[in-house]
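Everything below concerns the one structure shown next.
What follows draws every value from the coordinates through simple rules; no lab data is involved. All values reported here derive from a predicted model rather than from experimental measurement. So basically every Cβ, Gly included, is an ideal-geometry build from the backbone, and we count neighbours across all protein chains shown.
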Amino acid sequence: MILPRPAGCGFDTPGTLFYDAAERCFVVGPLGIPEMIFIFILALLIFGPRKLPELGRTLGNAMTEFRRASNDLRHAFDDEVREMERQAQAVKREVTEAVIAPQEPPQPAPETTAAVPHDAQPAPEAGDEIPAPNPEASGRG
């Protein structure tokens, strides 16, 4: 359970390394040279001089792998965000074109005049009989 931070319990107030009963909060101060030496001596006593280099190497490899994984995740996230922005821009462009296009007045279609042969007959209307072809008019015979 996380308790609200009381007044005066912030990073701008000097505090102790661990729990401060007077302030009722955890305050972690900066790690200086004496603290680092103490941590090193404690690790040397716990793990021993033979195991400490191997432990440091393993810790370094783990930190490198973590950094690589976090960079890959950040790059994948950035790529997805860029792709979503591109899709949003494309949809916005399509909507803008769809809204602007109907507002323009319709262009009149250019009139085309097809060459009509002199002996052409008009198309029959619904209900009319289709005339039989005249062999004399075609010039064959």
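Would you tally the net charge around A62, using a Cβ to Cβ cut-off of less than 14 Å, leaving A62 out, and scoring K and R as +1, D and E as -1? Once positives and negatives cancel, what remains is +1. Compared with the alpha-carbon gap, the fully stretched path from R57 to E35 is longer by 5.8 nm at 0.36 nm per residue. In sequence order, region 66-75 has phi-based couplings of 4, 5, 5, 5, 5, 5, 4, 5, 5, 5 Hz under the Karplus curve 6.51 cos²θ - 1.76 cosθ + 1.60, θ = phi - 60°, and Gly or Pro positions carry x.
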